[in-house]
1. Any residue in segment 385-407 that is out of contact with any helix residue (DSSP H, G or I) (no Cβ under 7 Å at 6 or more places or on another chain) and under 27 Å from residue 178 (Cα atoms)?
2. Pick from 52, 89, 116: which is crowded, with 23+ Cβ neighbours inside 10 Å and closer than 26 Å to residue 154 by Cα?
3. Please work out if residue 343 is in contact (Cβ under 8 Å) with a residue 24 or more places away in the chain and closer than 23 Å to residue 226 by Cα.
4. For segment 368-420, give me each residue that is in contact with a strand residue (DSSP E or B) (Cβ under 6 Å, 6 or more places away or on another chain) and over 21 Å from residue 321 (Cβ atoms).
5. Just give me the residues in segment 224-248 being more than 16 Å from the ligand (Cβ to nearest atom) and touching a residue at least 24 places away in the same chain (Cβ under 8 Å), in sequence order.
6. State which residue is farthest from residue 369 (Cα to Cα) when the search covers only segment 161-181 and only residues that are buried (at least 18 other Cβ atoms within 10 Å of the Cβ) and more than 10 Å from the ligand (Cβ to nearest atom).
7. Name the residues in segment 184-221 that are touching a residue at least 12 places away in the same chain (Cβ under 8 Å), closer than 16 Å to residue 243 by Cβ and outside any helix (DSSP H, G or I), would you?
8. Restricting attention to helices (runs of 4 or more DSSP H) lying wholly within segment 1-79, give those where 2 or more residues are within 21 Å of the chain's Cα centre (by Cα).
Ligand code: SF4
């Protein structure tokens, strides 16, 4: 879609073509794919709302330099859409800023925020107030929004322990990933700690736990870039295990602990589990072997496609298959110059990966790819067609149902109107 397309018409025909999908999943997908633009009046009204923390990647369609000062600091972390002509149930969407998006967050005649498409009101918009723990600071003056920001409407504490990746430069970084570039641009805009101290993480969690909003938090994710050699003298599993160990020692069993790290050899996976994590996300990013080799050159050269997939399967022995939830970046298999140009071929490829894992009791999950401008693939790509993402939701739901798998733990409730996972609609189509 572009700003000149009649988007209401596209939305209505997508809804008719995919009548088996909840309308909430369709609009969430459209908003993530197209991004959102904001009027000044809407941003003025968001001054006391929870702003985007840039919890790991930028997810924006433009760089920070291309945004106004107000956009850089007042755009909300997430919005919740309700009502409108589709009578939407509450639909929580992560915000990806695109000043050219056809989806405009504006205000109505009473000053209330709304989503407009083609100048017509499409949904009411709610945002979260700044949680009281965001008003707190650590002893060293750092804000909680840097050390332990929360997303998914307060459900998930997102701890990017290492804001850089040792897969470095074009020949190693995953070609869709802006972690290193985003770190450079965010450092100029906000408190943005490169390597977090586990004790500071615990201090920040204590501020959350002591606050009135803290009880909303149900899980934490510890993640960051890959460590190919050592960081502060520690191997990757040692580095990331320290966070769960510190958190579980201070707050035993308080949250569901999730580790998003590489597919590691089994003894290291055991070390992660022993440290206190209950869920393991060894993200494979893209299923097709030849695409993995091109799109994830660092992972390919240090580990390799076959070994990566074998390690995912082996880790089910340690965590249990339902607690191994590898992510893939939906749509990147259609990225030029390597990817499929045909939607059905791309879906068939990704479906074979879903079949492979789900037949073993492992449910992958996905984030919706947006070509970020500071990435290799972001320079010459626009988003894959909406048809691709909606077909993927259908295939994901049906494959998950075929193997009678449980709703992935650690993501909150499933189903339209209940899902809080905000960077794809996979949770909106489950549990229906
Ligand atoms: S491993 Fe790939 S996706 Fe993960 S942080 Fe590094 S470059 Fe980004």
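The values are calculated or read from the model by the stated rules, or taken from the named source; none is laboratory data. From a predicted model like this one, the values you see are computed outputs, not experimental measurements. Here Cβ is always computed from backbone atoms with ideal geometry, including for glycine, and neighbour counts include all displayed protein chains.
1. Taking every residue of segment 385-407 in turn, none turns out to be out of contact with any helix residue (DSSP H, G or I) (no Cβ under 7 Å at 6 or more places or on another chain) and under 27 Å from residue 178 (Cα atoms).
2. 52
3. Against the criterion (in contact (Cβ under 8 Å) with a residue 24 or more places away in the chain and closer than 23 Å to residue 226 by Cα), residue 343 does not qualify.
4. 368, 369, 392, 416, 417, 420
5. Residues satisfying the conditions are 232, 238, 241, 242, 243, 244, 245, 246, 247, 248.
6. 161
7. 193, 194, 195, 196, 217, 219, 220, 221, listed by residue number.
8. Here the list reads 23-34, 69-74.
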